[in-house]
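Below you'll find the structure, written out as structure tokens, and then a few comments.
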Amino acid sequence: ALRLELRYSKKEILNLYASYAPFGGNTVGLETAAWRYFSAQPDQLSWGETAMLAVLPNQPSLIYPGKQDSLLIKKRNRLLTKLHEQGTIDFTTYDLALQEAIPNRPGPLPQLASHLLGKINHGASRGKKFHSSLRFDAQVLVNKTLESHHQRLALDQIHNAAVLIAEIKTGKIIAYKGNTQTSSEHQNQVDIIRSRRSPGSTLKPFLYASSLDEGLIMTTSLLPDIPTYYQGFSPRNFSLDYSGAIPANQALTRSLNIPFVQLLHKYSYPKFNLLLEQIGFTSLDRSPDHYGLSIILGGAEVTLFELANAYLLLTQKGQGKEQLHPLTYQESIYRKASSFPISGPACWHTLETLLDVNRPGEESAWRSFQNSQQIAWKTGTSFGFKDAWAIGVSTEYLIAVWVGNADGEGRPNIIGSKVAAPILFDLFNHFKSQQNFVAPNFELKDIMVCDQSGFKASDHCEKTHRKWMIPAAINHPQCPYHQVIFINNQEERVIVNCESIDQMESSKWFVLPPAMANYYRKRHPDYRPLPPWSIACKAYARPNNLEMIYPGKDSKLFIPLELDGQPGKVVFELAHHLPNQKVYWHLNDQYLGQTQAQHQLAAWIPQGSHHLVVVDELGERLVKQFTVLSN
């Protein structure tokens with residue numbers, strides 16, 4: 001006691017006493033006692049409540065709420081009498097305090113954001129008072145919303161979910177729900193917000209934005225959407241169909257896999273890995289070759305915290321913010337981002353595109369209501385239906401949602417649009433923004449765009465329009481799909497070698513490669529294939545009607561056994577500009593058969609190197625080399 005008196009002031013000693021005094025059971029410290037007995041902070045307590053806490057440390061093991069209650073009341077009242085006699089409290093306050101009941105027993109400590117509390121408690125703030133940026137009302141609302149959805153999801157054996165909400169302007173987190181209130185059997189103690197999970201398609205907006213910056217695409221330029229094979233990697237769209245060719249912005253809003261795998265192949269996946277690291281993803285701790293092209297479809301692992309932070313910075317940059325503020329959960333910290341590797345105009349065009357993503361259920365008609373708020377959002381679903389994501393931003397708030405099972409068990413309904421999106425929009429109905437997105441005053445370029453291809457217009461484009469695009473669009477290639485052809489009065493193709501000039505008329509024609517055209521024409525009945533050559537000009541024609549879809553160039557095929565143990569077959573697939581033409585197939589100089597309209601042919605192929613030859617009725621020939629590794 002003498003040492004304490006010499007070293008500390010009375011105020012410091014009282015502070016130490018209030019921090020470490022026992023208040024019954026395992027309750028230590030005044031602030032803990034206030035929360036456990038009255039669910040309030042010490043400065044919010046009444047005189048009766050404060051007096052009860054003041055007498056507890058005298059005999060904390062013998063007298064506390066729930067044990068020796070009558071004796072505890074007598075001790076409290078004696079203290080209140082002294083306070084009244086000394087004039088500290090008036091008679092009315094004294095009389096009301098005497099009538100206050102004491103709690104029956106200690107209650108649980110608040111668990112509104114237990115996962116964030118655990119994070120703080122294991123950091124530098126352990127043992128200290130921490131002022132978080134969480135808003136009490138927001139946290140309570142998120143907890144209730146997630147719990148109501150969890151009761152429904154649990155019926156489908158989906159047990160875990162997480163939500164993070166932040167302010168766009170400051171980056172301050174106002175709600176942090178790391179997991180559902182499920183049992184320990186379903187890992188309710190795991191903080192999903194900090195756990196590594198497959199992001200599904202949620203990284204596509206960053207490839208889209210950076211590709212705009214690189215001049216690889218414009219928002220409207222066509223991307224291939226056809227069967228694709230990359231050395232054993234064969235991506236599929238979630239819908240399992242193909243568009244042939246689709247504008248880049250629609251590929252993003254529909255979250256098509258094949259166009260983005262093809263775009264990443266063009267962009268370079270090592271460069272994309274570097275981009276993600278510059279954005280702030282620290283969880284990509286393996287080489288780019290380990291992830292390969294699959295990274296754009298969820299072939300890596302990220303945390304919800306880092307993913308939400310990336311969308312936050314993209315939104316701030318796209319809204320023209322001069323200073324970017326990443327996510328923070330500390331009230332007194334106003335963090336600043338050093339940089340963001342995507343330009344403001346590209347971020348803005350990405351937000352514009354994400355505004356057009358179809359919303360679920362009743363939200364699908366949001367444009368019909370004048371007071372609807374604009375939300376740019378994206379879903380994601382991991383391979384095996386293990387992770388469902390929905391991340392959205394308005395002008396004021398970012399909301400990130402994950403749904404799944406913490407142990408990685410997949411379930412058929414763990415799909416972003418089915419289970420995560422409804423939670424996202426339920427929350428946005430409470431966290432409404434009063435303002436819509438407004439295009440910042442970025443430097444843009446007036447670009448002439450081809451109507452059909454969406455590329456920068458060439459002289460061969462039939463119809464064009466002007467569009468304000470980011471400066472990088474100047475480097476975008478001109479339309480590769482329009483060409484000028486000559487036709488005669490029978491609408492046959494001709495050239496000067498075989499037709500008189502006065503019988504020739506030039507025409508601008510939209511021509512896709514055979515494989516793209518094969519699927520494109522199914523969705524676009526107005527697509528016109530090239531007219532046939534006139535008889536007089538066939539000898540001069542250099543047709544390019546054939547394109548092999550499978551196998552690809554220098555393919556190496558592994559053919560598994562069928563379920564009955566018999567050797568499997570290779571299904572060759574070909575695209576023809578004139579699908580009704582007959583095509584004759586030969587393998588290693590042996591005739592396999594013919595196809596018409598649907599150019600697919602199945603055949604058993606032995607191990608080794610092979611050459612495939614196809615010839616159509618007009619004599620056009622295509623040769624493809626491939627290797628069968630085993631069968």
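The values are calculated or read from the model by the stated rules, or taken from the named source; none is laboratory data. Predicted, not measured: the structure shown is a model, and the values here were computed from it. Backbone-built Cβ (ideal geometry, glycine too); neighbour counts: all protein chains shown. All accessible areas refer to the heavy atoms of the entire protein, side chains included, with ligands and DNA or RNA removed. Shrake-Rupley method; radii C 1.70, N 1.55, O 1.52, S 1.80 Å.
Annotations
- Option label - volume of the Cα convex hull per residue in Å³ computed here, alternatives [x] 240; [y] 227; [z] 150: [y]
- Our coupling estimate for region 164-170, obtained by passing each phi through the Karplus curve with A = 6.51, B = -1.76, C = 1.60 and θ = phi - 60°, is 10, 10, 9, 7, 5, 5, 9 Hz, Gly and Pro reported as x.
- Using the Karplus relation 6.51 cos²θ - 1.76 cosθ + 1.60 with θ = phi - 60°, the per-residue 3J(HN,Hα) values for region 123-140 come to x, 5, 8, 4, x, 10, 6, 10, 9, 8, 8, 4, 9, 4, 5, 5, 5, 4 Hz, with x marking Gly and Pro.
- For region 333-394: rounded, prolate or oblate by the Cα gyration tensor [a/c cutoff 1.5]: oblate
- Around residue 186: net Lys/Arg minus Asp/Glu count, Cβ-Cβ under 12 Å: -3
- Gain in span if fully extended, residue 131 to residue 20, counting 0.36 nm per residue against the direct Cα distance: 37.9 nm
- Whichever aspartates and glutamates have a C-alpha closer than 16 Å to that of residue 522, once near sequence neighbours (fewer than 8 apart) are set aside: 225, 241
- Difference of contour (0.36 nm per residue) and Cα-Cα distance, residue 362 to residue 630: 91.3 nm
- Cross-link table 119/172; 128/177; 386/432; 336/445, entries beyond 19 Å C-alpha to C-alpha: 128/177; 386/432; 336/445
- Shape call, region 430-573: gyration tensor on alpha carbons, a/c limit 1.5: oblate
- The angle between the Cα long axis of helix 514-523 and the longest principal axis of the Cα atoms of the chain comes to about 70 degrees, rounded to the nearest 10.
- Rounded percent of accessible protein surface that carbon and sulfur make up, the chain, 1.4 Å probe: 50
- Mean Cβ neighbour count within 10 Å, used as a protection proxy, ranking 471-478, 301-308 highest first: 301-308, 471-478
- Pairwise label distance in nanometres, residue 69 with residue 569, each label 7 Å out on the Cα-Cβ vector: 8.2
- Accessible area of residue 526 in the full protein assembly, 1.4 Å probe (Å², nearest 10): 120
- Residues with amide H under 5 Å from that of residue 449, placed H, sequence gap 5 or more: 457, 465, 466, 467
- Neighbourhood net charge (14 Å Cβ-Cβ; Lys/Arg +1, Asp/Glu -1) for residue 374: -1
- Of all aspartates and glutamates in the structure, those lying under 17 Å Cα to Cα from residue 624, and not within fewer than 8 positions of it along the same chain, are 547, 554, 573, 589, 616.
- Computed magnitude of the charge dipole of the chain (debye, nearest 20; Cβ of K, R +1, Cβ of D, E -1): 1800
- Total formal charge among the other residues, if their Cβ is under 15 angstrom from that of residue 251, Lys/Arg +1 and Asp/Glu -1: +2
- Solvent exposure of the chain amounts to 50 Å² per residue of accessible area, where only protein heavy atoms count and the probe is 1.4 Å.
- What you get for region 411-553, charging only the Cβ of Lys and Arg (+1) and of Asp and Glu (-1), is a dipole of about 700 debye around the Cα centre.
- Applying 0.36 nm per residue to the separation of residue 446 and residue 181 and subtracting their alpha-carbon distance, the gain on full extension is 90.0 nm.
- Cβ-Cβ distance of residue 4 and residue 151, R₀ of 41 Å, FRET efficiency by 1/(1 + (r/R0)^6): the value works out to about 0.15.
- Selection from 596, 574, 539, by position along the positive dipole direction of region 505-631 (Cβ): 539
- Within straight-line cross-link reach of residue 463, lysines at Cα separation under 19 Å, skipping those fewer than 8 residues along the same chain: 508
- Residues whose amide H comes within less than 5 Å of that of residue 387, counting only those at least five positions distant or on another chain, are 382 (H built at 1.01 Å from N in the peptide plane).
- Relative to the longest principal axis of the Cα atoms of the chain, the long axis of helix 304-318 makes an angle of roughly 70 degrees.
- Residue order for 353, 627 - accessible surface, 1.4 angstrom probe, largest first: 627, 353
- Taking every DSSP beta bridge that has both ends in region 441-490, the antiparallel portion is near 90%.
- On Cα atoms only, tilt of 269-279 relative to the major axis of the chain in degrees: 30
- For region 216-223, putting each phi into the Karplus relation 6.51 cos²θ - 1.76 cosθ + 1.60 with θ = phi - 60° gives couplings of 6, 9, 10, 4, 9, 5, 6, 10 Hz, in residue order, rounded to whole numbers and with x for Gly and Pro.
- For the chain, the antiparallel share of DSSP beta bridges with both residues in that region comes to about 90%.
- Amide H contacts of residue 397 (H built 1.01 Å from N, under 5 Å, at least 5 apart or other chain): 168
- In the chain, the calculated helix contribution to ellipticity at 222 nm averages -8000 deg cm²/dmol per residue, counting -39,500 (n - 2.57) for every DSSP H run with n ≥ 4.
- A simple charge model with +1 on the Cβ of Lys and Arg, -1 on the Cβ of Asp and Glu and nothing else charged puts the dipole of region 343-423 at about 120 debye relative to its Cα centre.
- Within the chain, 347 have no other Cys Cβ under 4.7 Å of their Cβ and so lack a disulfide-compatible partner by this rule.
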